[in-house]
1. Is there any pair with a first residue in the stretch 120-146 that is in contact (Cβ under 8 Å) with a residue 12 or more places away in the chain and more than 28 Å from Ala194 (Cβ to Cβ) and a second that is surrounded by fewer than 16 Cβ atoms within 10 Å (Cβ to Cβ) and among the hydrophobic types (A, V, I, L, M, F, W, C) whose Cβ atoms are under 8 Å apart and which are 6 or more apart or on different chains, and what are they?
2. Residues in the stretch 31-47: is at least one within 29 Å of Ala90 (Cα to Cα), touching a Phe, Trp or Tyr at 6+ places or on another chain (Cβ under 6 Å) and either open to solvent by 60 Å² or more (accessible area, probe 1.4 Å) or modelled with pLDDT of 95 or more (or both)?
3. Checking Val58 against (1) open to solvent by less than 60 Å² (accessible area, probe 1.4 Å); (2) touching an Asp or Glu at 6+ places or on another chain (Cβ under 9 Å); (3) within 13 Å of the ligand (Cβ to nearest atom), which test does it fail?
4. What about Ala216, is it of a type in the set (Gly, Ala, Ser) and surrounded by 14 or more Cβ atoms within 10 Å (Cβ to Cβ)?
5. For the stretch 97-136, give me the residue count where each residue is assigned to a helix (DSSP H, G or I) and either touching a helix residue (DSSP H, G or I) at 6+ places or on another chain (Cβ under 7 Å) or within 11 Å of the ligand (Cβ to nearest atom) (or both).
6. Out of Leu24, Leu30, which single residue is touching a residue at least 40 places away in the same chain (Cβ under 8 Å), part of a loop (DSSP other than H, G, I, E, B) and away from the ligand (no atom under 13 Å from the Cβ)?
7. Which of the residues that make up the stretch 102-146 are aliphatic (A, V, I, L, M), at pLDDT 95 or above and open to solvent by 80 Å² or more (accessible area, probe 1.4 Å)?
8. Criterion first (open to solvent by 10 Å² or more (accessible area, probe 1.4 Å), under 21 Å from Glu210 (Cβ atoms), touching a residue at least 40 places away in the same chain (Cβ under 8 Å) and more than 16 Å from the ligand (Cβ to nearest atom)) does Pro183 satisfy it?
Amino acid sequence: MITFRAMTILHYSPGAASLLPHWLLIELGLAHELRLVDFASKQQKSADYLALNPSGVVPTLVLDGRPMTEAAAIALHLADSHPEAGLIPAIGDPARRDCLQWMFHLAQAVQSLFRIWWYPHEVAGEAQADSARAHVQPRIEAAWDRIDAHLAANGPYLLGGAPCVADFYLTMLMRWSRNMPRPATAWPHLAAHAVRMKARPSFKALYAAEGLEEWA
Ligand SMILES: N[C@@H](CCC(=O)N[C@@H](CS)C(=O)NCC(=O)O)C(=O)O
């Protein structure tokens with residue numbers, strides 16, 4: 001087990017991909033300091049921040065003086081470092097492969113679609129931004145179809161009866177869809193999953209810490 005000695009620092013922006021590691025830090029009861037990255041002034045592209053996170057995005061988690069990037073990787077690391085919390089099955093447990101599969105699926109097949117939804121000009125240019133969004137919307141909805149069907153058959157959580165780290169990730173991604181034409185909560189099993197995850201005390205603490213109100 002890894003011991004967190006030096007102050008753990010999370011560079012974040014409210015509601016952004018940093019929400020996942022932030023939520024887990026709270027859920028796991030780990031002391032941490034929050035540092036706001038000001039998107040309005042493009043602080044995420046400043047030389048100081050790029051030295052921590054060359055992609056110029058949040059989150060960055062500084063652990064023992066070393067920066068770590070990529071929300072899904074940070075989440076897995078936090079879950080693995082605190083096995084007592086039961087947020088990831090142990091090596092050798094067959095359920096671990098399902099957890100890893102969901103984490104990579106959410107990162108690769110869902111979060112990446114949201115990147116297009118939020119930043120359509122990156123893939124299609126400013127002139128084609130609306131078209132890129134129109135193309136990505138049904139792909140996000142297809143992802144909800146698939147996960148909702150999985151929860152219907154195997155839920156209420158992704159691995160069955162108890163939440164794992166991927167359920168926290170799923171909740172963050174569902175939250176991002178809240179203003180889309182068909183938010184994730186239009187799917188019944190996803191909606192029930194969101195209600196369960198939002199009932200956790202750590203979710204309320206997360207919202208208070210990030211100053212969030214919508215989708216409470
Ligand atoms: N693959 C990265 C993506 C993170 C990401 O896209 N973060 C967004 C907020 S949700 C960001 O920092 N956007 C600011 C920008 O791209 O300038 C991760 O999962 O950590």
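1. That search, which allows pairs on different chains as well, returns nothing.
2. No, the stretch 31-47 contains no residue that is within 29 Å of Ala90 (Cα to Cα), touching a Phe, Trp or Tyr at 6+ places or on another chain (Cβ under 6 Å) and either open to solvent by 60 Å² or more (accessible area, probe 1.4 Å) or modelled with pLDDT of 95 or more (or both).
3. (2)
4. The answer is no for Ala216.
5. Of the residues in that region, 26 qualify.
6. From the options Leu24, Leu30, the qualifying one is Leu30.
7. Ala127, the sole residue that qualifies.
8. no
The values are calculated or read from the model by the stated rules, or taken from the named source; none is laboratory data. Quick caveat: nothing in here was measured; it's all calculated off a predicted structure. Methodologically, a virtual Cβ is constructed for each residue, glycine included, from the backbone with ideal geometry; neighbour enumeration extends over all protein chains shown. Ligands, DNA and RNA are excluded from the accessible area calculation, which covers all protein heavy atoms including side chains. Shrake-Rupley method; radii C 1.70, N 1.55, O 1.52, S 1.80 Å.
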